[in-house]
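Taking it in order: structure first as C-alpha coordinates, then the write-up.
The values are calculated or read from the model by the stated rules, or taken from the named source; none is laboratory data. Quick caveat, the model's predicted, so the values are computed rather than measured. As a convention, Cβ positions derive from the backbone with ideal geometry for all residues, glycine included, and neighbour counts pool all protein chains shown.
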Amino acid sequence: MRNGLLRSTPFRLALILGATFFAALVIAGLIAFSLIRNELAQRMDRSITDSFNVIAQSYGDSDQTDLIDTVNGHARATLNDDRIYGLVGPTPAILAGNVGVVPEGSGWMTLQGTSLGIRNGDEGGYRVFIGDIGGNRLLVGQSFVQNTEIARLALTSIGWASLAILVLVIATGVLLALRAQRRIDSIAGIMGRVGQGELDARIPVGRRGDDIDLLARQVNAALDRLSHLVEGMRQVSVNIAHDLKTPLNRLAITLEAAIKAEEAGAPAAPLLEQAEEEIGQINATFDALLRIAQIEAGARRARFVEVQLGDVLDRIGDAYGEVAEERGQHLEVTHQIELPNIEGDRDLLTQLCANLIENSMRHCPPGTSIAVSARRAENRIVLTVSDNGPGIPAEERAKVFQRLYRLDKSRTTSGSGLGLSLVKAVADLHAAEIAVGENAPGLWISIAFPIWVPRPARRGPGWEALG
(Lines give C-alpha, C1' and ligand atoms only; values in the text may rest on other atoms or scores of the structure.)
Protein backbone atom coordinates (compact mmCIF):
# COMPACT_ATOMS: atom_id res chain seq x y z
CA MET A 1 0.00 0.00 0.00
CA ARG A 2 2.81 2.39 0.86
CA ASN A 3 4.67 1.66 -2.38
CA GLY A 4 1.45 2.13 -4.33
CA LEU A 5 0.87 5.44 -2.58
CA LEU A 6 4.37 6.65 -3.38
CA ARG A 7 3.81 5.76 -7.04
CA SER A 8 0.47 7.55 -7.07
CA THR A 9 0.49 10.59 -9.34
CA PRO A 10 -1.96 12.60 -7.16
CA PHE A 11 0.21 11.97 -4.12
CA ARG A 12 3.35 12.99 -5.95
CA LEU A 13 1.65 16.12 -7.22
CA ALA A 14 0.49 16.89 -3.69
CA LEU A 15 4.07 16.49 -2.42
CA ILE A 16 5.42 18.72 -5.17
CA LEU A 17 2.76 21.36 -4.58
CA GLY A 18 3.27 21.10 -0.83
CA ALA A 19 7.03 21.51 -1.14
CA THR A 20 6.59 24.39 -3.57
CA PHE A 21 4.07 26.10 -1.32
CA PHE A 22 6.27 25.49 1.71
CA ALA A 23 9.28 27.01 -0.06
CA ALA A 24 7.19 29.97 -1.20
CA LEU A 25 5.87 30.43 2.32
CA VAL A 26 9.40 30.30 3.76
CA ILE A 27 10.60 32.89 1.27
CA ALA A 28 7.59 35.09 2.00
CA GLY A 29 8.20 34.60 5.73
CA LEU A 30 11.82 35.64 5.42
CA ILE A 31 10.82 38.72 3.46
CA ALA A 32 8.15 39.56 6.04
CA PHE A 33 10.65 38.95 8.84
CA SER A 34 13.12 41.32 7.19
CA LEU A 35 10.44 43.98 6.76
CA ILE A 36 9.32 43.60 10.38
CA ARG A 37 12.88 43.84 11.63
CA ASN A 38 13.54 46.97 9.55
CA GLU A 39 10.32 48.55 10.76
CA LEU A 40 11.21 47.80 14.38
CA ALA A 41 14.68 49.30 13.84
CA GLN A 42 13.18 52.45 12.38
CA ARG A 43 10.71 52.73 15.25
CA MET A 44 13.54 52.26 17.72
CA ASP A 45 15.52 55.06 16.07
CA ARG A 46 12.49 57.33 16.14
CA SER A 47 11.88 56.53 19.81
CA ILE A 48 15.52 57.27 20.69
CA THR A 49 15.40 60.50 18.68
CA ASP A 50 12.19 61.57 20.42
CA SER A 51 13.70 60.89 23.86
CA PHE A 52 16.85 62.84 22.93
CA ASN A 53 14.76 65.83 21.77
CA VAL A 54 12.64 65.80 24.93
CA ILE A 55 15.74 65.86 27.12
CA ALA A 56 17.37 68.54 24.96
CA GLN A 57 14.35 70.81 25.48
CA SER A 58 15.00 70.81 29.25
CA TYR A 59 18.23 72.72 28.58
CA GLY A 60 16.38 75.61 27.08
CA ASP A 61 17.62 78.18 29.66
CA SER A 62 21.15 76.76 29.75
CA ASP A 63 20.35 75.31 33.16
CA GLN A 64 22.64 72.30 33.52
CA THR A 65 20.94 71.30 36.78
CA ASP A 66 17.60 70.83 35.02
CA LEU A 67 19.38 68.83 32.32
CA ILE A 68 20.97 66.54 34.89
CA ASP A 69 17.68 66.07 36.75
CA THR A 70 15.87 65.27 33.50
CA VAL A 71 18.47 62.65 32.51
CA ASN A 72 18.37 61.04 35.94
CA GLY A 73 14.56 61.04 35.87
CA HIS A 74 14.54 59.16 32.58
CA ALA A 75 17.20 56.76 33.89
CA ARG A 76 15.20 55.96 37.03
CA ALA A 77 12.05 55.32 34.97
CA THR A 78 13.67 52.58 32.93
CA LEU A 79 13.29 48.91 33.83
CA ASN A 80 16.13 46.37 33.68
CA ASP A 81 18.23 48.85 31.77
CA ASP A 82 16.16 48.40 28.62
CA ARG A 83 16.72 52.11 28.04
CA ILE A 84 20.03 53.81 28.84
CA TYR A 85 21.02 57.42 29.34
CA GLY A 86 24.33 59.11 29.98
CA LEU A 87 25.43 62.76 30.33
CA VAL A 88 29.02 64.00 30.42
CA GLY A 89 30.42 67.49 30.44
CA PRO A 90 33.67 68.73 29.01
CA THR A 91 35.38 66.11 31.13
CA PRO A 92 34.76 62.35 30.74
CA ALA A 93 33.09 62.20 34.17
CA ILE A 94 29.49 60.94 34.15
CA LEU A 95 27.14 63.73 35.27
CA ALA A 96 23.87 61.74 35.09
CA GLY A 97 22.33 58.56 33.73
CA ASN A 98 22.51 54.79 34.21
CA VAL A 99 25.64 54.04 32.16
CA GLY A 100 29.21 53.97 33.40
CA VAL A 101 30.87 55.08 30.19
CA VAL A 102 29.91 57.42 27.35
CA PRO A 103 32.07 56.54 24.32
CA GLU A 104 33.86 59.18 22.32
CA GLY A 105 32.29 60.40 19.14
CA SER A 106 28.75 61.29 18.18
CA GLY A 107 25.89 59.98 16.08
CA TRP A 108 24.35 56.52 15.84
CA MET A 109 26.16 53.50 17.25
CA THR A 110 25.48 49.87 18.15
CA LEU A 111 27.28 48.96 21.37
CA GLN A 112 27.43 46.13 23.87
CA GLY A 113 26.45 46.71 27.49
CA THR A 114 29.96 45.96 28.76
CA SER A 115 31.45 48.77 26.67
CA LEU A 116 28.95 51.14 28.31
CA GLY A 117 29.84 50.07 31.85
CA ILE A 118 26.50 48.27 32.43
CA ARG A 119 27.01 45.17 34.55
CA ASN A 120 23.72 43.46 33.79
CA GLY A 121 23.41 44.76 30.27
CA ASP A 122 21.54 42.84 27.59
CA GLU A 123 23.68 40.53 25.56
CA GLY A 124 21.86 41.67 22.46
CA GLY A 125 23.46 45.08 22.70
CA TYR A 126 22.05 48.59 22.46
CA ARG A 127 21.21 51.06 19.80
CA VAL A 128 22.48 54.46 20.98
CA PHE A 129 22.64 58.08 19.78
CA ILE A 130 25.19 60.54 21.11
CA GLY A 131 24.68 64.24 20.53
CA ASP A 132 25.82 67.63 21.89
CA ILE A 133 23.65 69.76 24.18
CA GLY A 134 25.22 73.07 25.23
CA GLY A 135 28.74 71.68 25.42
CA ASN A 136 27.52 68.50 27.12
CA ARG A 137 27.40 65.10 25.40
CA LEU A 138 24.16 63.19 25.84
CA LEU A 139 23.78 59.44 25.17
CA VAL A 140 20.33 57.95 24.66
CA GLY A 141 19.94 54.28 23.82
CA GLN A 142 17.55 51.32 23.81
CA SER A 143 18.06 47.60 24.17
CA PHE A 144 17.53 45.23 21.23
CA VAL A 145 15.78 42.72 23.51
CA GLN A 146 12.22 43.81 22.72
CA ASN A 147 12.83 43.95 19.00
CA THR A 148 14.54 40.57 19.11
CA GLU A 149 11.61 39.01 20.98
CA ILE A 150 9.09 40.40 18.51
CA ALA A 151 11.17 39.20 15.56
CA ARG A 152 11.60 35.76 17.15
CA LEU A 153 7.85 35.53 17.75
CA ALA A 154 7.14 36.46 14.14
CA LEU A 155 9.67 33.95 12.83
CA THR A 156 8.32 31.21 15.10
CA SER A 157 4.75 31.92 13.97
CA ILE A 158 5.76 31.75 10.34
CA GLY A 159 7.63 28.49 10.93
CA TRP A 160 4.74 26.80 12.71
CA ALA A 161 2.25 28.05 10.11
CA SER A 162 4.46 26.68 7.32
CA LEU A 163 4.77 23.33 9.06
CA ALA A 164 1.01 23.13 9.67
CA ILE A 165 0.25 23.96 6.06
CA LEU A 166 2.80 21.40 4.84
CA VAL A 167 1.24 18.69 7.00
CA LEU A 168 -2.25 19.69 5.81
CA VAL A 169 -1.18 19.59 2.16
CA ILE A 170 0.48 16.18 2.58
CA ALA A 171 -2.55 14.80 4.41
CA THR A 172 -4.85 16.13 1.69
CA GLY A 173 -2.57 14.62 -0.94
CA VAL A 174 -2.72 11.24 0.79
CA LEU A 175 -6.52 11.34 0.91
CA LEU A 176 -6.79 12.41 -2.73
CA ALA A 177 -4.22 9.82 -3.76
CA LEU A 178 -6.07 7.02 -1.94
CA ARG A 179 -9.35 8.14 -3.46
CA ALA A 180 -7.92 8.39 -6.97
CA GLN A 181 -6.00 5.13 -6.54
CA ARG A 182 -9.20 3.26 -5.75
CA ARG A 183 -10.77 4.57 -8.95
CA ILE A 184 -7.65 3.77 -10.96
CA ASP A 185 -7.53 0.28 -9.45
CA SER A 186 -11.16 -0.13 -10.49
CA ILE A 187 -10.27 0.85 -14.06
CA ALA A 188 -7.29 -1.51 -14.02
CA GLY A 189 -9.51 -4.33 -12.75
CA ILE A 190 -12.04 -3.75 -15.52
CA MET A 191 -9.32 -3.67 -18.15
CA GLY A 192 -7.90 -6.89 -16.72
CA ARG A 193 -11.31 -8.52 -17.11
CA VAL A 194 -11.53 -7.23 -20.67
CA GLY A 195 -8.07 -8.67 -21.35
CA GLN A 196 -9.37 -12.04 -20.18
CA GLY A 197 -12.22 -11.91 -22.67
CA GLU A 198 -15.06 -10.22 -20.73
CA LEU A 199 -15.84 -7.66 -23.43
CA ASP A 200 -19.10 -6.66 -21.72
CA ALA A 201 -17.27 -5.29 -18.64
CA ARG A 202 -17.55 -1.51 -18.29
CA ILE A 203 -15.98 1.08 -15.99
CA PRO A 204 -18.45 2.69 -13.53
CA VAL A 205 -18.79 6.41 -14.21
CA GLY A 206 -19.39 8.75 -11.26
CA ARG A 207 -21.30 12.02 -11.12
CA ARG A 208 -18.30 14.25 -10.49
CA GLY A 209 -17.59 14.82 -14.16
CA ASP A 210 -13.84 15.06 -13.49
CA ASP A 211 -11.01 13.90 -15.71
CA ILE A 212 -11.22 10.31 -14.45
CA ASP A 213 -14.94 10.18 -15.27
CA LEU A 214 -14.16 11.59 -18.71
CA LEU A 215 -11.46 8.94 -19.15
CA ALA A 216 -13.90 6.25 -18.03
CA ARG A 217 -16.46 7.39 -20.61
CA GLN A 218 -13.85 7.36 -23.35
CA VAL A 219 -12.60 3.92 -22.35
CA ASN A 220 -16.17 2.61 -22.21
CA ALA A 221 -16.80 4.03 -25.68
CA ALA A 222 -13.66 2.31 -26.91
CA LEU A 223 -14.79 -0.94 -25.29
CA ASP A 224 -18.20 -0.60 -26.93
CA ARG A 225 -16.46 -0.15 -30.26
CA LEU A 226 -14.16 -3.10 -29.56
CA SER A 227 -17.08 -5.29 -28.55
CA HIS A 228 -18.93 -4.28 -31.68
CA LEU A 229 -15.91 -5.05 -33.86
CA VAL A 230 -15.33 -8.42 -32.22
CA GLU A 231 -19.00 -9.29 -32.58
CA GLY A 232 -18.83 -8.14 -36.19
CA MET A 233 -15.80 -10.31 -36.83
CA ARG A 234 -17.52 -13.26 -35.20
CA GLN A 235 -20.60 -12.66 -37.31
CA VAL A 236 -18.46 -12.30 -40.42
CA SER A 237 -16.75 -15.59 -39.65
CA VAL A 238 -20.09 -17.31 -39.22
CA ASN A 239 -21.49 -15.78 -42.37
CA ILE A 240 -18.37 -16.59 -44.40
CA ALA A 241 -18.60 -20.20 -43.24
CA HIS A 242 -22.31 -20.23 -44.04
CA ASP A 243 -22.25 -18.39 -47.39
CA LEU A 244 -18.97 -19.63 -48.86
CA LYS A 245 -19.20 -23.24 -47.80
CA THR A 246 -21.88 -24.00 -50.37
CA PRO A 247 -20.11 -22.41 -53.39
CA LEU A 248 -16.82 -24.01 -52.34
CA ASN A 249 -18.52 -27.40 -52.12
CA ARG A 250 -20.12 -26.82 -55.52
CA LEU A 251 -16.71 -25.82 -56.89
CA ALA A 252 -15.12 -28.99 -55.51
CA ILE A 253 -17.91 -31.16 -56.94
CA THR A 254 -17.69 -29.39 -60.30
CA LEU A 255 -13.92 -29.83 -60.53
CA GLU A 256 -14.23 -33.47 -59.53
CA ALA A 257 -16.86 -33.96 -62.21
CA ALA A 258 -14.62 -32.22 -64.74
CA ILE A 259 -11.75 -34.58 -63.88
CA LYS A 260 -13.98 -37.62 -64.26
CA ALA A 261 -15.33 -36.28 -67.54
CA GLU A 262 -11.81 -35.78 -68.82
CA GLU A 263 -10.90 -39.30 -67.81
CA ALA A 264 -13.99 -40.67 -69.56
CA GLY A 265 -13.18 -38.71 -72.71
CA ALA A 266 -16.25 -36.47 -72.32
CA PRO A 267 -16.00 -32.68 -72.80
CA ALA A 268 -15.03 -30.92 -69.53
CA ALA A 269 -15.25 -27.33 -70.81
CA PRO A 270 -18.84 -26.67 -69.59
CA LEU A 271 -17.93 -27.89 -66.12
CA LEU A 272 -14.76 -25.76 -66.06
CA GLU A 273 -16.77 -22.72 -67.14
CA GLN A 274 -19.17 -23.38 -64.27
CA ALA A 275 -16.18 -23.67 -61.89
CA GLU A 276 -14.77 -20.42 -63.24
CA GLU A 277 -18.09 -18.72 -62.53
CA GLU A 278 -18.06 -20.01 -58.95
CA ILE A 279 -14.48 -18.79 -58.48
CA GLY A 280 -15.43 -15.38 -59.85
CA GLN A 281 -18.28 -15.11 -57.35
CA ILE A 282 -15.97 -16.05 -54.47
CA ASN A 283 -13.34 -13.54 -55.63
CA ALA A 284 -16.00 -10.83 -55.88
CA THR A 285 -17.00 -11.51 -52.29
CA PHE A 286 -13.45 -11.17 -51.01
CA ASP A 287 -12.84 -8.08 -53.17
CA ALA A 288 -15.90 -6.47 -51.59
CA LEU A 289 -14.65 -7.33 -48.12
CA LEU A 290 -11.26 -5.79 -48.90
CA ARG A 291 -12.90 -2.68 -50.31
CA ILE A 292 -15.00 -2.21 -47.18
CA ALA A 293 -11.89 -2.63 -44.99
CA GLN A 294 -10.05 0.01 -47.01
CA ILE A 295 -12.96 2.44 -46.69
CA GLU A 296 -13.22 1.90 -42.94
CA ALA A 297 -9.48 2.56 -42.60
CA GLY A 298 -10.07 6.09 -43.97
CA ALA A 299 -7.60 5.74 -46.84
CA ARG A 300 -10.04 7.40 -49.26
CA ARG A 301 -10.43 10.55 -47.17
CA ALA A 302 -7.53 12.16 -49.03
CA ARG A 303 -9.69 12.12 -52.20
CA PHE A 304 -12.47 14.25 -50.69
CA VAL A 305 -13.63 17.11 -52.90
CA GLU A 306 -16.67 19.35 -53.19
CA VAL A 307 -19.59 17.19 -54.39
CA GLN A 308 -23.06 18.17 -55.57
CA LEU A 309 -25.23 15.22 -54.52
CA GLY A 310 -27.96 16.21 -56.98
CA ASP A 311 -25.58 15.63 -59.91
CA VAL A 312 -24.71 12.17 -58.55
CA LEU A 313 -28.42 11.26 -58.33
CA ASP A 314 -29.09 12.49 -61.86
CA ARG A 315 -26.41 10.18 -63.25
CA ILE A 316 -27.65 7.28 -61.13
CA GLY A 317 -31.20 7.86 -62.36
CA ASP A 318 -30.11 7.79 -65.99
CA ALA A 319 -28.10 4.60 -65.45
CA TYR A 320 -30.72 2.57 -63.57
CA GLY A 321 -33.97 3.90 -65.06
CA GLU A 322 -33.99 1.49 -68.00
CA VAL A 323 -32.76 -1.39 -65.83
CA ALA A 324 -35.75 -0.92 -63.53
CA GLU A 325 -38.15 -0.87 -66.50
CA GLU A 326 -36.70 -4.12 -67.80
CA ARG A 327 -37.39 -5.70 -64.40
CA GLY A 328 -40.93 -4.36 -64.42
CA GLN A 329 -40.17 -1.82 -61.69
CA HIS A 330 -40.45 1.97 -61.59
CA LEU A 331 -37.54 4.16 -60.46
CA GLU A 332 -38.10 7.83 -59.62
CA VAL A 333 -35.18 10.14 -58.72
CA THR A 334 -35.90 13.64 -57.36
CA HIS A 335 -33.93 16.27 -55.47
CA GLN A 336 -34.22 19.88 -54.48
CA ILE A 337 -32.72 22.39 -56.85
CA GLU A 338 -29.38 23.92 -55.82
CA LEU A 339 -28.70 21.62 -52.91
CA PRO A 340 -25.71 22.74 -50.77
CA ASN A 341 -22.53 20.88 -51.54
CA ILE A 342 -21.03 18.21 -49.34
CA GLU A 343 -17.41 17.12 -49.06
CA GLY A 344 -16.67 13.58 -50.05
CA ASP A 345 -15.41 10.99 -52.50
CA ARG A 346 -17.58 11.23 -55.65
CA ASP A 347 -16.94 7.61 -56.70
CA LEU A 348 -17.82 6.22 -53.27
CA LEU A 349 -20.99 8.35 -53.07
CA THR A 350 -21.99 7.04 -56.51
CA GLN A 351 -21.31 3.48 -55.31
CA LEU A 352 -23.41 4.13 -52.19
CA CYS A 353 -26.42 5.28 -54.22
CA ALA A 354 -26.02 2.43 -56.69
CA ASN A 355 -25.89 -0.18 -53.91
CA LEU A 356 -29.06 1.17 -52.29
CA ILE A 357 -30.96 1.10 -55.59
CA GLU A 358 -29.65 -2.35 -56.53
CA ASN A 359 -30.61 -3.66 -53.10
CA SER A 360 -34.21 -2.53 -53.60
CA MET A 361 -34.38 -3.80 -57.17
CA ARG A 362 -32.92 -7.20 -56.24
CA HIS A 363 -35.26 -7.89 -53.32
CA CYS A 364 -38.48 -6.38 -54.69
CA PRO A 365 -40.84 -8.07 -57.15
CA PRO A 366 -41.99 -6.61 -60.49
CA GLY A 367 -44.43 -3.73 -60.11
CA THR A 368 -42.45 -2.21 -57.21
CA SER A 369 -41.91 1.55 -57.12
CA ILE A 370 -38.51 2.75 -55.95
CA ALA A 371 -38.08 6.42 -54.97
CA VAL A 372 -34.75 8.17 -54.51
CA SER A 373 -34.73 11.73 -53.16
CA ALA A 374 -32.37 14.29 -51.66
CA ARG A 375 -33.41 17.32 -49.65
CA ARG A 376 -32.03 19.77 -47.13
CA ALA A 377 -33.14 19.31 -43.53
CA GLU A 378 -31.67 22.06 -41.34
CA ASN A 379 -27.90 21.52 -41.43
CA ARG A 380 -28.01 18.18 -43.24
CA ILE A 381 -28.51 16.84 -46.73
CA VAL A 382 -30.80 13.81 -46.38
CA LEU A 383 -30.63 11.10 -49.05
CA THR A 384 -33.59 8.68 -48.93
CA VAL A 385 -34.18 5.48 -50.89
CA SER A 386 -37.61 3.90 -50.35
CA ASP A 387 -39.71 1.18 -51.95
CA ASN A 388 -43.09 -0.49 -51.50
CA GLY A 389 -41.72 -4.00 -51.60
CA PRO A 390 -41.80 -6.71 -48.93
CA GLY A 391 -39.59 -4.74 -46.52
CA ILE A 392 -37.51 -6.10 -43.66
CA PRO A 393 -38.83 -7.29 -40.27
CA ALA A 394 -38.20 -4.76 -37.50
CA GLU A 395 -36.03 -7.19 -35.52
CA GLU A 396 -33.73 -7.69 -38.55
CA ARG A 397 -33.17 -4.04 -39.52
CA ALA A 398 -30.28 -3.45 -37.15
CA LYS A 399 -28.38 -6.38 -38.68
CA VAL A 400 -28.67 -5.58 -42.38
CA PHE A 401 -25.45 -3.52 -42.37
CA GLN A 402 -23.37 -6.41 -41.03
CA ARG A 403 -20.92 -8.01 -43.45
CA LEU A 404 -22.32 -11.03 -45.31
CA TYR A 405 -25.59 -10.83 -43.35
CA ARG A 406 -28.58 -11.92 -45.39
CA LEU A 407 -32.14 -12.69 -44.45
CA ASP A 408 -32.98 -16.37 -44.65
CA LYS A 409 -35.49 -15.72 -47.42
CA SER A 410 -32.81 -13.80 -49.36
CA ARG A 411 -30.20 -16.55 -49.41
CA THR A 412 -31.75 -18.03 -52.52
CA THR A 413 -31.19 -14.80 -54.48
CA SER A 414 -27.92 -13.63 -55.98
CA GLY A 415 -25.64 -11.38 -53.99
CA SER A 416 -22.98 -11.57 -51.33
CA GLY A 417 -24.68 -9.69 -48.51
CA LEU A 418 -22.05 -6.94 -48.66
CA GLY A 419 -23.93 -4.19 -50.48
CA LEU A 420 -25.41 -2.52 -47.41
CA SER A 421 -22.18 -3.13 -45.47
CA LEU A 422 -20.36 -1.01 -48.05
CA VAL A 423 -23.13 1.62 -47.78
CA LYS A 424 -22.57 1.79 -44.02
CA ALA A 425 -18.79 2.06 -44.44
CA VAL A 426 -19.11 4.92 -46.95
CA ALA A 427 -21.63 6.73 -44.73
CA ASP A 428 -19.32 6.45 -41.71
CA LEU A 429 -16.38 7.74 -43.78
CA HIS A 430 -18.45 10.84 -44.64
CA ALA A 431 -19.61 11.37 -41.01
CA ALA A 432 -23.18 10.68 -42.13
CA GLU A 433 -26.00 9.25 -40.02
CA ILE A 434 -27.84 6.28 -41.46
CA ALA A 435 -31.32 5.08 -40.48
CA VAL A 436 -33.76 2.34 -41.57
CA GLY A 437 -37.52 2.40 -41.19
CA GLU A 438 -40.88 0.97 -42.21
CA ASN A 439 -42.40 2.46 -45.39
CA ALA A 440 -45.78 0.73 -44.87
CA PRO A 441 -45.45 -1.22 -47.06
CA GLY A 442 -41.81 -1.57 -47.92
CA LEU A 443 -38.64 -0.09 -46.54
CA TRP A 444 -36.86 3.26 -46.47
CA ILE A 445 -33.19 3.95 -45.82
CA SER A 446 -32.02 7.51 -45.19
CA ILE A 447 -28.50 8.91 -44.93
CA ALA A 448 -27.98 12.41 -43.48
CA PHE A 449 -24.77 14.10 -44.69
CA PRO A 450 -23.43 17.19 -42.91
CA ILE A 451 -23.42 20.43 -44.91
CA TRP A 452 -19.96 21.89 -45.37
CA VAL A 453 -19.02 25.48 -46.19
CA PRO A 454 -15.67 27.01 -47.20
CA ARG A 455 -13.47 28.11 -44.30
CA PRO A 456 -12.18 31.59 -45.25
CA ALA A 457 -9.47 31.72 -42.58
CA ARG A 458 -7.76 28.67 -43.98
CA ARG A 459 -5.30 28.68 -46.88
CA GLY A 460 -6.44 26.76 -49.87
CA PRO A 461 -9.69 24.79 -50.08
CA GLY A 462 -11.14 23.80 -46.77
CA TRP A 463 -14.47 23.00 -45.26
CA GLU A 464 -16.19 23.39 -41.98
CA ALA A 465 -19.34 21.53 -40.93
CA LEU A 466 -22.38 23.57 -39.96
CA GLY A 467 -23.97 20.76 -37.98
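This table checks each residue for (1) part of a strand (DSSP E or B); (2) among the hydroxyl-bearing types (Ser, Thr, Tyr); (3) touching a Gly at 6+ places or on another chain (Cβ under 8 Å); (4) free of Cβ contacts under 8 Å to residues at least 60 places away in the same chain.
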| residue | (1), (2), (3), (4) |
| --- | --- |
| Pro340 | no, no, no, no |
| Pro365 | no, no, yes, yes |
| Arg375 | yes, no, no, yes |
| Leu383 | yes, no, no, no |
| Ala398 | no, no, no, yes |
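In a helix (DSSP H, G or I), at pLDDT 85 or above and either touching a His at 6+ places or on another chain (Cβ under 8 Å) or not small (Gly, Ala, Ser) (or both): is that true of Gln218 in this structure? Yes; evaluated as a whole, the condition is true for this residue. From the list Arg455, Arg380, Arg411, the one residue that fits, being at pLDDT below 80 and under 34 Å from the mean Cα position of the chain (by Cα), is Arg455.
Could we say that Ile316 is in a loop (DSSP other than H, G, I, E, B), among the β-branched types (Val, Ile, Thr) and either surrounded by 14 or more Cβ atoms within 10 Å (Cβ to Cβ) or in the same structural domain as Asp428 (by TED's automatic domain parsing) (or both) here? In short, no. Looking only at residues of region 420-450 that are of a type in the set (Asp, Glu) and outside any helix (DSSP H, G or I), we find that the one that is nearest to Arg303 (Cα to Cα) is Glu433.
When Ala431, Ala435, Ala427 are checked against the criterion of being more than 29 Å from the chain's Cα centre (by Cα) and either modelled with pLDDT of 75 or more or not assigned by TED's automatic domain parsing to the domain that holds Val400 (or both), Ala435 stands alone in meeting it.
Pull up region 293-321, narrow it to residues that are under 37 Å from the mean Cα position of the chain (by Cα) and of a type in the set (D, E, K, R), then point me to the one that is modelled with the lowest pLDDT. This residue is Glu296. Entry remark, region 136-153: residues being modelled with pLDDT under 85 and touching a Gly at 6+ places or on another chain (Cβ under 8 Å) number 2 in total.
Taking the criterion of being farther than 30 Å from Gly18 by Cα and in a helix (DSSP H, G or I), would at least one residue in region 197-208 satisfy it? No, that holds for no residue.
Let's see how each residue does on (1) in contact with an Asp or Glu (Cβ under 7 Å, 6 or more places away or on another chain); (2) in a helix (DSSP H, G or I); (3) buried (at least 16 other Cβ atoms within 10 Å of the Cβ); (4) touching a residue at least 60 places away in the same chain (Cβ under 8 Å):
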position	(1), (2), (3), (4)
Ala258	no, yes, yes, no
Glu273	no, yes, no, no
Val312	no, yes, yes, no
Tyr320	no, yes, yes, no
Glu325	no, yes, no, no
Ile337	no, no, no, no
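For Val99, are the conditions met, namely being in the same structural domain as Phe129 (by TED's automatic domain parsing), at pLDDT 85 or above and in a loop (DSSP other than H, G, I, E, B)? It is true that Val99 is in the same structural domain as Phe129 (by TED's automatic domain parsing), at pLDDT 85 or above and in a loop (DSSP other than H, G, I, E, B). Screening region 141-161 for residues that are out of contact with any Asp or Glu (no Cβ under 6 Å at 6 or more places or on another chain) and of a type in the set (Ser, Thr, Tyr) and picking the one that is nearest to Glu39 (Cα to Cα) gives Thr148. Among all positions in region 4-15, there is at least one residue which is outside any helix (DSSP H, G or I), of a type outside the set (Lys, Arg) and in contact (Cβ under 8 Å) with a residue 24 or more places away in the chain. As a summary of the residue check, Pro366 satisfies the conditions (1) at pLDDT 90 or above; (2) touching a strand residue (DSSP E or B) at 6+ places or on another chain (Cβ under 7 Å) except for the one numbered (2). Take the conditions (1) surrounded by 13 or more Cβ atoms within 10 Å (Cβ to Cβ); (2) at pLDDT below 80; (3) under 30 Å from Leu168 (Cα atoms); Ser58 misses just one of them, which is (3). Just to be sure before I move on: is Phe304 farther than 19 Å from Phe449 by Cβ and free of Cβ contacts under 8 Å to residues at least 60 places away in the same chain in the structure I sent? Considered against the rule, which asks whether it is farther than 19 Å from Phe449 by Cβ and free of Cβ contacts under 8 Å to residues at least 60 places away in the same chain, Phe304 comes out as no. Annotation: Ala266 fulfils all but one of (1) over 25 Å from Ala432 (Cα atoms); (2) modelled with pLDDT of 85 or more; (3) not in a helix (DSSP H, G or I); the unmet one is (2).
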